[in-house]
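Just so it is clear, none of the values below were taken in a lab; they were calculated from the coordinates. Just so you know, these numbers come straight off a predicted model, no measurement behind them. A quick note on method: Cβ atoms are made from the backbone with ideal geometry, for glycine too, and the neighbour counts reach across all protein chains shown.
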Amino acid sequence: MGRLTWQLADVVDSVAETAHVKSLILSVSNWERHRSGQHVDVRLTAEDGYQAQRSYSIASAPEEPLLMLTVERLPDGEVSPYLVDELRPGDKLELRGPIGGYFTWTADDGGPLLLVAGGSGVVPLMAMIRHRAAIHTQVPTRLLFSSRTFDDIIYRQELERLPMGDGTLQVVHTLTRQQPEGWKGLRRRIDRQILEGVAWPAADTPLAFICGPTRMVESVATLLAGLGYDPARIKTERFGPTGGPS
Amino acid sequence: MNARFISRGFTGRRSAAADPSRLPPGQHVVPDFPVLSAGPTPHTPQEKWDFAVDGHVASPQRWTWEEFYNLPRESITVDIHCVTKWSKLDTRWEGISVDTLLETVEPLGAFLVAHCDGGYTTNLPLEDATGGKAWVAFRYDDEPLEPEHGGPARLLVPHLYFWKSAKWVRRLEIVDQDEPGFWETAGYHNRGNPWLEERYWGD
């Protein structure tokens, strides 16, 4: 891998996923194909030369022609409000990547695959699910996805549609704050009982990816290790926007 | 190439609290202490915890928790810089200087590999770990270091990006040849000097 140089991507489209989350569809001319789970660094420059950098997970499959970043607007953020509220098609966005060689999955890594997401932590996991779909692999995969409310479920329609044509993909939602009337699904934070019901048995030597807020990631990783998962096959990332090592 | 590129409509919100001279390029100050690790947090009980310095040395050493905890300790107040762009200023630690740990072992190689519970490794040239530049820290902000932040003990190498400050460290292995560690073989820079913005391979 050579130097990761900064380049200008064209903003082709921007799609509201929820009230706080937007996907940016980017065209990047000189792009080394990423692996699902990787992220990019984004750099904003003000007129006086002031710059701010952040990392964002890639949401699109490596096979897709355009790059998708999905960004949650953080209430006191500096970069995410700009990306969600200000940036529009026709603008350019400076970025470099792809970055990260650990929290990644390709079909060759096998499974069964357990993906556990909290909120916008679903973004790098969605890239894995889309990669899976793009190459029509049958690696058995379960996504356990914790959102606050029904309307906060990122990629909701796509996550409804994908399992319909693919018996090897299952999606289980839990809504922790508020549930719509008639909601038959889970309605609490992910706990041991939920994992016992949803997670692959440890005997299947599953591969687990967990991404979300620190508390959730810590708790789920510890619970999975307690259920007999090999710690070396539990990969964690705290929040989509800040991937990578400390 | 992009020196003149301006992000339309971006004004930025400079960290008013921070002295810009303390902030390496591309970093911003955070008030909290984010937790980042690649896998589950290991929980090694103190009675099973020990610390070793070995490899290419004249006389390998091993300490129990009790012995280690009672070595001459130092208080350190430093700024830390994570490669994921956050920096935290004036963090307060207590621990044992790597200089103290190496005193009796007499290293014969020029590099070290830090080995941690959970299998994590990171590499340093000895000159980045000696001369008052690195510690094995077991207290943070006047409290025992919490497991999710690397407790019982973590390496503290504040002049490099924080992934070099390996959590849950148990062993320093002295080696003759540099051996890139966990993140260093996964796309991240081998040295990681934040002031040169050495984030990734090729930076």
Inset, instruction - In Å and from the alpha-carbon atoms only, list the Rg and Dmax of the stretch B:101-203. - result: 13.3, 39
Legend entry - Rg ratio (alpha-carbon, reference 2.2 N^0.38 Å) - the stretch A:7-99: 1.01
Legend entry - Value of Rg/Rh across the protein assembly as shown [Cα atoms, Kirkwood radius]: 0.97
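So which GluC sites (Glu not before Pro) in the stretch A:123-218 pass both tests, a DSSP loop state and at most 12 other Cβ atoms within 10 Å of the Cβ? Can you show the working numbers first?
Numbers: sites: A:GLU158, A:GLU160, A:GLU181, A:GLU196, A:GLU218; in loops: A:GLU181.
When the GluC sites (Glu not before Pro) of the stretch A:123-218 are filtered for loop state and at most 12 Cβ neighbours within 10 Å, A:GLU181 remain.
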Legend entry - trypsin sites (Lys or Arg not before Pro) within the stretch A:138-246: DSSP coil, no more than 13 neighbouring Cβ in 10 Å: A:ARG177, A:LYS184, A:ARG187, A:ARG188
Inset, instruction - Just subtract the alpha-carbon distance of B:THR100 and B:ARG13 from 0.36 nm times their residue separation and send over the number in nm, one decimal. - result: 27.1 nm
Legend entry - In the stretch A:1-75, the trypsin sites (Lys or Arg not before Pro) that fall in loop regions by DSSP, at most 12 other Cβ within 10 Å: A:ARG3, A:ARG33
Legend entry - Projected area averaged over orientations for chain A, convex hull of C-alpha atoms, nm²: 13.7 nm²
Inset, instruction - Excluding B:THR185 itself, calculate the net charge of residues whose Cβ lies under 13 Å from the Cβ of B:THR185, where each Lys or Arg counts +1 and each Asp or Glu counts -1. - result: -3
Legend entry - Spherically averaged projected area of the stretch B:38-124 from its Cα convex hull (nm²): 7.0 nm²
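At 222 nm, what helix-only mean residue ellipticity would chain B give, in deg cm²/dmol to the nearest 500, using -39500 (n - 2.57) for each DSSP H run of four or more? Provide the component values of the computation, followed by the final result.
On the way: 3 runs with 15 residues, N = 203.
Helix contribution divided over all residues of chain B: -1500 deg cm²/dmol.
Indicate, rounded to the nearest 5 percent, the antiparallel portion of the DSSP beta bridges found entirely in the protein assembly as shown. Show your work: numbers first, answer last.
Working: 63 of 93 bridges.
Roughly 70 percent of the beta bridges in the protein assembly as shown run antiparallel, per DSSP.
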Legend entry - Environment charge at A:GLU17 (Cβ cut-off 13 Å; Lys +1, Arg +1, Asp -1, Glu -1): -2
Legend entry - Number of partner chain Cβ atoms within 10 Å, mean per residue of B:179-190: 3
Legend entry - Largest to smallest principal axis extent of the C-alpha atoms in chain B, angstrom: 60, 37, 31
Inset, instruction - Over 21 Å, how big is the tail of the calculated P(r) for the stretch A:87-188, in percent of all Cα pairs? - result: 43 percent
Legend entry - Shielding of A:45-52 by partner chains, average beta-carbon count, 10 Å: 6
Legend entry - Residues A:ASN30 and B:ASP203, FRET efficiency given R0 of 25 Å [Cβ-Cβ distance, rounded to 0.05]: 0.90
